[in-house]
Structure formats: structure tokens, C-alpha cells
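Heads up: the structure comes next, in C-alpha cells.
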């Protein structure tokens, strides 16, 4: 409906995690809720360009804005999770770095998700469970995800936790799981000789 707002900021009200800006577009003042990080350059009288999502509820029509279309897409994706509405999704994006959030979801890092204001254990596990498969990471996944998988595989093969962690600690970023496991096993074989 309203996919983008480009205009001059005429008012800005900062909240704890996000801001409300009024953008003047062709003589019309449009209120947009946005994470503060997306409004770094949005001082009064500054020109702003926001990708927006128009949310219609029974009691309100609210416009949410983001600096990039990717952040808007993540906002929309977060709302597909049961228990996550637009306000919670906005808080999530306002209090986390996008890459860290995506990695936490893919890795199932519930502790990271639970540190976000308004997110408890149930919602954190739902976010991870429901969005894990929908998130796309570069080939090989995140470094910590591959490392955790290698440590787990080595422990299942009978190695001690300390040995497995040490062998997996030197893995490079973007390595496929099978290559990482071979490297860790060869490292363990070298240390036994």
C-alpha cells in the first residue's frame, strides 16, 4: 500500500528503542515508526528515504520504516512468528544488529534472543524454530554454527569435550561442515602422534 516514503523530516520523537518521525511529502505529514539505527541521519529538516510497511489493525493504521528493503523484509518475516506483532518485531530490529540476529536464529541461540526486551523463552524458541529454515546464510553457514556441529560430531565419535572444542577452534569461516569435520579429525590425529 505505502511501500516507500521520501521527504523532509519535520518532527522527530525518540523513544527507548525506536523513534516516531513525521515526514513531509507533497504537503502531507506522514508519521513513521522506525528503529533509531535506521534514522541516524534523520534530523529535523533533513531529507529521508525509508522503505515502509503499512500495518492495519482493528484499532490503528501504522506505518513502519526502515533504511533498507532487506530490513523491511526481516520485519515482515519476524511477524510470521506466533506471538510476534509489529511492535515486538520493531523492538527486535531496534535492539539488535541484523547479521547477529540472523545468526542467532539460524544457530538456535536462545540466550541471545531472550536478551531482547519483550522476548521470553517461548517466543525466542518459536522465532528460532519457525524462521531457521527461512533464513539464508552464505554457503557453509555461520562459523559458530559449523563449529558447534563439529564439536557435537566429535563428541558423538567418542572424543572428550575439551579435545573436540580445541580441534574445532581453528576452523575458518565459510567452511562446509564435512570439510570442517575432516580438518578437525586430522588435527586430532596429529596431536595423538
Descending semi-axes in whole angstrom, ellipsoid equivalent of the stretch 4-66, from the Cα gyration tensor = 17, 14, 10
key: Average Cα contact separation per residue, the stretch 72-131, under 8 Å, 6 or more apart, as relative contact order %   = 37 percent
For the stretch 1-126: relative contact order, % (alpha-carbon pairs under 8 angstrom, 6 or more apart) = 20 percent
ask   = Where does the chain land on the Kirkwood hydrodynamic radius, alpha-carbon pairs, in angstrom?
value = 19.0 Å
inquiry  = How large are Rg and Dmax for the stretch 72-131 when calculated on the C-alpha trace, in angstrom?
reply    = 9.7, 25
ask   = For residue 2 and residue 26 in one chain, what is 0.36 nm times their gap in residues minus the Cα-Cα distance, to one decimal in nm?
value = 7.2 nm
request  = Would you calculate the separation in nanometres between label points at residue 121 and residue 43, each defined as 7 Å from the Cα along the Cα-to-beta-carbon direction?
outcome  = 4.7 nm
query = Where the eigenvalues come from the Cα gyration tensor of the stretch 36-77, what are the semi-axes √(5λ) of the equivalent ellipsoid, largest first, in whole Å?
reply = 21, 14, 7
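On full extension of the chain, what length is gained from residue 169 through residue 97, given 0.36 nm per residue of separation minus the C-alpha to C-alpha distance?
Extending this stretch completely gives an extra 23.5 nm.
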ask   = Ranked highest first by average number of other Cβ atoms within 10 Å, how do 64-75, 178-189 line up?
value = 64-75, 178-189
remark   = Checking 100, 59, 149 against a Gaussian network model of the chain (alpha-carbon springs below 10 Å), the top fluctuating residue turns out to be 59
note = Under the helix-only model (-39500 (n - 2.57) for each DSSP H run of 4 or more, divided by the residues of the chain), the mean residue ellipticity at 222 nm, to 500 deg cm²/dmol, is -13000 deg cm²/dmol
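Just so you know, all these numbers are worked out from the coordinates, no wet-lab data involved. Fair warning: this is a prediction, and the values are worked out from it, not measured in the lab. FYI the Cβ positions are ideal-geometry reconstructions off the backbone, even for glycines, and counts take in every protein chain you see.
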